[in-house]
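The values are calculated or read from the model by the stated rules, or taken from the named source; none is laboratory data. Here the structure is a predicted model, which is why all the values come from computation and not from measurement. In this analysis, Cβ positions are derived from the backbone assuming ideal geometry, glycine residues included, and neighbour counts consider all displayed protein chains. Just so you know, the surface numbers come from the protein's heavy atoms only, side chains and all, with ligands and any DNA or RNA stripped out. Shrake-Rupley method; radii C 1.70, N 1.55, O 1.52, S 1.80 Å.
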Amino acid sequence: MDTFSKLHEGVQKAIWRLNWENFRPIQDKAIDCIINSNNDLIISSPTASGKTEAAFLPAISETANELHESVCILYVSPLKALINDQFDRVENLCSELQITVTKWHGDASNTAKRKITKNPKGIILITPESIEALLIRKSNETRNIFKNLKFIIIDELHSFLAKERGDQLRSQIERIKNIIPTTPRIIGLSATIGDELNAKLWIQDNPNSVEFIKENQDGLRKEKHGSVHCFDQYDQDIINYQKYLYEETRIGVNLIFANSKKILEKQCSNLKQIAKLRNHSDNYSIHHGSLSKEIREDVEENLKDTKIRNISVFCTNTLELGIDIGNIDKVFLIEPINSVSSFIQRIGRSGRLDDMPINFSFLIYIEKLESNSLEYDKVRLDIIKCIAITLLMLEEWCEPNPPSLREPSVLAHQLLSHIAQYGEAKTSNTYDLIVDNSFRKYLNIEEFKELLIFLNDQDYIYQDTEMNLRLSSKGEVLTEHYEFYAVFSSPDEWRVLYTGKEIGKIPILASYQIDDKILLAGRMWKIIDIQEEVKSILVLPAGGGKPASFGNVSFEIHKKVHEKMVEILNSEDIPVFLTENSVNALAEGRLNFNNMKQELGTFFSVFQGSRIQSTLALFFKRIKIISESQEAFFILKKITKEEAIKKMKIQSEKLSTLADYILNEVRYKDKLMYKYDYLLPNSILSRAYVDRFLDIEGALSFLKNL
């Protein structure tokens, strides 16, 4: 029996109306798996390969006769914009069956939500934050809405793996399953799964009950055209850099990625100025999370508009995930990228048409070397990293993720949410549902009791006379506030307004004054009024000035990336995708790296990933080795490498007990705090710090091999 004939008649009609001639291989396999088995499923294939249809076509077919009487399919997305984007696609698939499709997030229609609450049916597209709000605020309605739930489709699955929101979503799925008679099947969609087993274990404990379908690359592997350019950071080359970027992006549809919003704003403004000076049309736009929804949506619509064929958009990871923005001619990266997974997502935006290659280019500033240049700059790690990331991508490797972050601050959050959902909760049931099922026994019974005692002492919960857990006054206030629905932190921000219309938001990181100038949405603005009581800044268009500050961005680098960088530094091979300047920078980096290895008194090479680097930096501090950490190595002060190694080996037991040192000595509360860390006792929090940022076992292994 062919795949098409397995689908419901109404779905077949929708496919005929959409003029599909055939299914892609990934869709054939997914349809067969979903219709002919009861297993959960992960579909891994590149952007624009038809994953959405591969999941929805069979799921709709399997529930077509029930979708008018109940919500049978729950689609979960990390982004509201992705929900808005997928809404039309899902509606098209449901059109012949007249199935109701409902968007459910903070910006969606309240009228549509009320209708579905009163008369549950069809398909809901939702974010984890809106699921949280449903469970807490509409616990009785939630039971009715999902009473016949058959499928949970999770888009961009990789964005949930080993993330706080992933732990939240896993817990939410268990909490939904706890209140309904059905056991919904889970379908995960992703373009980048680094570890198949761990992805399966995120879905459920038995990986044998999770099918994994990956697009067969034979004959389908996309041709890739890529290059790595570098420009010395001195006046003339900065001009050359801007001119080159302008000429490369003036024609066609392009995305220009950076990690920093500040750099995006600056470079977008620079290219707009060049266009103005040359009397060219301004084809440059900008897209990042601090801009208003209207500005972002205008940019997305312009990218999708097939009549607009000259547009270049400066963007962060807001355009990295699977929002449909049409075909992109080329992707530029104007900062080094630290993750192969993110790199694959970004360059996968180009070459979506069958006959088009993936097209990308790194354009990287490098410091001009002086006698007092930092060792980091001498080794040219930025260029080395770009080469390493590109080579690993070509080797089809990307970062594996653990099955779950098991973040205790999210565990504490879900504990309070669970109590708020029911009004009261049995201690044993709470442990089984939250700690055991959702967080894989991250806390044992004694640690769980310690958490409960701490929350009781802090007036978030109490135990009533019947030994039920209930919310205390602080717990009620916390869980009733809308900010509780998200497990990630959002900075306090100023709204920036022009003629009453919001341009975007900037973090309250510095003091602003009237007449100051800020760069936002690729334009310069002059502050004309500051309304502190409503956290608003009023502006007018202006010239000159500097970009607004958006805060620092932290990245983790996998050990494999650093190992590939060392391999490149110790090799003599010249990758074919390097331009002449990059070849020279590579040679310079190799020479300086080899010279530094001879300077045994100062240079301590690590290249083991950011977790081991951070662990050693803390260990050095504990045993009083003065050093300067520079991503992949240390510059030692007042001690030779041989003396440092000897001291490290003698005091190696202090490396294995860093958790105690963190608890007693280090002000880790000032470092990358998670949103609900304040709900954790010190002993659990110190352990969490180790799990988040350190690799003690890896550092011990590195030390033994020195």
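Summary table
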{"item": "Filter pass, Phe488 being surrounded by 17 or more Cβ atoms within 10 Å (Cβ to Cβ) and either in contact (Cβ under 8 Å) with a residue 40 or more places away in the chain or within 27 Å of Lys177 (Cα to Cα) (or both)", "result": "no"}
{"item": "Top-ranked residue in the range 330-368 [being over 23 Å from His562 (Cα atoms) and among the aliphatic types (A, V, I, L, M); ranked as modelled with the lowest pLDDT]", "result": "Leu353"}
{"item": "Subset of the range 493-538 (residues that are open to solvent by 10 Å² or more (accessible area, probe 1.4 Å) and small (Gly, Ala, Ser))", "result": "Gly500, Ala510, Ser511, Ala521"}
{"item": "Segments classed as helices (runs of 4 or more DSSP H), wholly inside the range 315-424, with at least 3 members that are more than 30 Å from Asn302 (Cα to Cα) and of a type outside the set (Ser, Thr, Tyr)", "result": "375-378, 381-394, 408-422"}
{"item": "Condition met for Phe555 (open to solvent by 60 Å² or more (accessible area, probe 1.4 Å) and either in a helix (DSSP H, G or I) or of a type outside the set (Asp, Glu) (or both))", "result": "yes"}
{"item": "Residue match in the range 288-311 (condition: under 16 Å from Asp329 (Cβ atoms) and small (Gly, Ala, Ser))", "result": "no"}
{"item": "Which listed residue is of a type in the set (D, E, K, R) and open to solvent by less than 50 Å² (accessible area, probe 1.4 Å), from Glu476, Glu447", "result": "Glu447"}
{"item": "Enumeration of residues in the range 617-628 that are touching a helix residue (DSSP H, G or I) at 6+ places or on another chain (Cβ under 7 Å) and surrounded by fewer than 19 Cβ atoms within 10 Å (Cβ to Cβ)", "result": "Arg622, Ile623"}
{"item": "Given (1) under 34 Å from the mean Cα position of the chain (by Cα); (2) under 23 Å from Val210 (Cα atoms); (3) open to solvent by less than 20 Å² (accessible area, probe 1.4 Å), number of the condition Leu7 does not satisfy", "result": "(1)"}
{"item": "Among residues of the range 501-513, those that are part of a loop (DSSP other than H, G, I, E, B) and either within 26 Å of the chain's Cα centre (by Cα) or at pLDDT 90 or above (or both), counted", "result": "2"}
{"item": "Breaking point among (1) under 25 Å from Gly609 (Cα atoms); (2) open to solvent by less than 40 Å² (accessible area, probe 1.4 Å), for Val331", "result": "(1)"}
{"item": "Unique residue being touching a residue at least 60 places away in the same chain (Cβ under 8 Å) and over 26 Å from Ile180 (Cα atoms) when the list is Leu93, Leu97, Leu74", "result": "Leu93"}
{"item": "Cβ pairs under 8 Å, 6+ apart, first in the range 335-356 and open to solvent by 10 Å² or more (accessible area, probe 1.4 Å), second of a type in the set (Ser, Thr, Tyr)", "result": "Glu335/Ser260; Ser341/Thr192; Ile344/Thr192; Gly348/Thr47; Arg352/Thr47; Met356/Ser350"}
{"item": "Residue in the range 291-302 that is closer than 26 Å to Cys230 by Cβ and either part of a loop (DSSP other than H, G, I, E, B) or aromatic (Phe, Trp, Tyr) (or both) present", "result": "no"}
{"item": "Listing of helices (runs of 4 or more DSSP H) fully contained in the range 587-696 that carry 2 or more residues being at pLDDT below 90 and closer than 30 Å to Asn444 by Cβ", "result": "658-665, 682-693"}
{"item": "Test result for Glu493, at negative phi, among the charged types (D, E, K, R) and touching a residue at least 60 places away in the same chain (Cβ under 8 Å)", "result": "yes"}
{"item": "Residues satisfying the stated conditions in the range 103-144, i.e. in contact (Cβ under 8 Å) with a residue 24 or more places away in the chain and hydroxyl-bearing (Ser, Thr, Tyr)", "result": "Thr117, Thr127, Ser130, Ser139, Thr142"}
{"item": "One residue from Glu588, Glu631 being surrounded by fewer than 19 Cβ atoms within 10 Å (Cβ to Cβ), under 31 Å from the mean Cα position of the chain (by Cα) and of a type in the set (Asp, Glu)", "result": "Glu631"}
{"item": "Residue in the range 438-445 that is assigned to a helix (DSSP H, G or I), within 20 Å of Gln172 (Cβ to Cβ) and within 34 Å of the chain's Cα centre (by Cα) present", "result": "yes"}
{"item": "Options Ile295, Ile308; residue that is among the hydrophobic types (A, V, I, L, M, F, W, C), more than 19 Å from the chain's Cα centre (by Cα) and farther than 22 Å from Phe87 by Cα", "result": "Ile308"}
{"item": "Odd one out for Phe314 among (1) more than 22 Å from Asp88 (Cα to Cα); (2) modelled with pLDDT under 95; (3) not small (Gly, Ala, Ser)", "result": "(2)"}
{"item": "Scope the range 596-616; condition of a type outside the set (Ser, Thr, Tyr), surrounded by 17 or more Cβ atoms within 10 Å (Cβ to Cβ) and more than 17 Å from Asn705 (Cβ to Cβ); matching residues", "result": "Met596, Phe603"}
{"item": "Criterion violated by Leu394 - all others in (1) surrounded by fewer than 17 Cβ atoms within 10 Å (Cβ to Cβ); (2) touching a strand residue (DSSP E or B) at 6+ places or on another chain (Cβ under 8 Å); (3) without any contact (Cβ under 8 Å) to a residue 40 or more places away in the chain satisfied", "result": "(3)"}
{"item": "Selection count, the range 357-377, where residues are within 18 Å of Ser227 (Cβ to Cβ), surrounded by 15 or more Cβ atoms within 10 Å (Cβ to Cβ) and of a type outside the set (Gly, Ala, Ser)", "result": "8"}
{"item": "Residues within the range 55-80 that are in a helix (DSSP H, G or I) and either modelled with pLDDT of 90 or more or buried (at least 22 other Cβ atoms within 10 Å of the Cβ) (or both), tallied", "result": "9"}
{"item": "Of all residues making up the range 291-311, the number that are more than 14 Å from Glu247 (Cα to Cα) and either open to solvent by 50 Å² or more (accessible area, probe 1.4 Å) or modelled with pLDDT under 90 (or both)", "result": "13"}
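A quick yes/no check of all residues on (1) touching a Ser or Thr at 6+ places or on another chain (Cβ under 7 Å); (2) crowded, with 18+ Cβ neighbours inside 10 Å; (3) modelled with pLDDT of 90 or more; (4) in a helix (DSSP H, G or I):
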| position | (1), (2), (3), (4) |
| --- | --- |
| Ser227 | yes, no, yes, no |
| Glu247 | no, no, yes, yes |
| Gln267 | no, yes, yes, yes |
| Ser285 | no, yes, yes, no |
